[in-house]
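Worksheet for the structure shown next.
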Amino acid sequence: MASSPAGSSPATQFGTAGAYDGLVLARFWEPQAHPCNSFGGRGNLTLHGLWPQYSKHHTPAPQGLPGDWPQYCGKHSSPFWSRVQPVQSGVAAAFMEQWSSVAPDYASGSLAQHEWEKHGTCWSADISTDPSAAGVAALQTRFFNASLRLMAQYPTPAAIHAARSTKQGLTIAQLQAAFGGRSMVGLSCTSGKASGQLTLSMVEICFGHDAHGNPTTRVACPAQTLLASSYDNGCATQAKPGDLIYVDQPCGSHPPPPPSPPSPKPSAAQCVPNKHGPRCKVDSDCTSFLHCIRCAHSGYCTEQPKSNRTEGTRVVAMDSRGGGSL
């Protein structure tokens, strides 16, 4: 497992810079991560991070860590950590245009800082060679450039775009084949709470590295760590025979709201049009019932007000000259 869900692992040092077995390029499936932004609308894989990875569990690991990757290298030394931990503002500014195109969470959030301090500080043993401001800036530039080169070299496969455009689900085997086969990719999925539908959320592919941390050739992902992880490869560990995994998450898609509760049936103790209300003898018998305003000649409450001619009673009025009946 190369990383873990936000907030679920302790931010403690484990491992030594440059001492690991391979690299993982982790990318978000943007239609799932941010379905309504421009990246999600085009259907892109966007940068999560470049992660040093072990091929076997390393022990003893701090509580809460599986020992599958190094992290926060050098954090135990406060003076050293204070020099190497922050992403320098000039470095971030130099990458901002590229990040805006392929790494939206770097450009508009704090993911670049998180990825550098957790994974980038373990990426190369060169970090101990020159921890000066200039040396750290040069190393950060190399680290972020390495991930961007891999992003350009390994775009979203055509089969994934096709499945998204047709809104067709893919089997786990089909999804793995789009990225080179079962051993060549880790696939993370989310599962709908109500429907149980699996949706692609992240893709991880693996590389060798040289003595300075630079990625070399693409290699199979480690079976004992990354491919066995429910976080890094949850599509494979969760999917059952016959399950389909979906890559389409249209903007604005939300589960339908629950149906409105049915309107209560009218109670007999109220007045409604064209029906008898409660029995009564005088108007005051009706005032405590819903919609009832008086006792009708029939002996039932009603919602109808009295008119000029009601229930056979002749209304006597005076003309404008003060005499006679109308």
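Against the test of being in contact (Cβ under 8 Å) with a residue 12 or more places away in the chain, surrounded by 15 or more Cβ atoms within 10 Å (Cβ to Cβ) and touching a Ser or Thr at 6+ places or on another chain (Cβ under 7 Å), the options Thr141, Thr156, Thr190 yield a single qualifying residue, Thr190.
Only one residue in Ala228, Ala236, Ala211, Ala223 is assigned to a helix (DSSP H, G or I), at negative phi and in contact with a helix residue (DSSP H, G or I) (Cβ under 9 Å, 6 or more places away or on another chain), so which one is that?
Working: Ala228 fails: assigned to a helix (DSSP H, G or I); Ala211 fails: assigned to a helix (DSSP H, G or I); Ala223 fails: assigned to a helix (DSSP H, G or I).
Within the list Ala228, Ala236, Ala211, Ala223, the selection yields Ala236.
Has region 124-134 got any residue that is touching a Pro at 6+ places or on another chain (Cβ under 8 Å) and assigned to a helix (DSSP H, G or I)? There is no residue in region 124-134 that is touching a Pro at 6+ places or on another chain (Cβ under 8 Å) and assigned to a helix (DSSP H, G or I). The set of residues in region 47-76 that are surrounded by 13 or more Cβ atoms within 10 Å (Cβ to Cβ) and of a type in the set (Ser, Thr, Tyr) comprises Tyr54, Ser55, Tyr72.
Looking only at residues of region 199-238 that are free of Cβ contacts under 8 Å to residues at least 24 places away in the same chain and under 16 Å from Leu50 (Cα atoms), we find that the one that is surrounded by the fewest Cβ atoms within 10 Å (Cβ to Cβ) is Thr217. For region 95-123, taking the residues that are touching a strand residue (DSSP E or B) at 6+ places or on another chain (Cβ under 7 Å) and assigned to a helix (DSSP H, G or I), the one that is farthest from Ala26 (Cα to Cα) is identified as Cys122.
Bear in mind that the values in this text are calculations on the coordinates, not laboratory data. Bear in mind the structure is a predicted one, so any value in this text is a computation, not a measurement. Cβ sites come from the backbone with ideal geometry, for glycine too, and all protein chains shown count toward neighbours.
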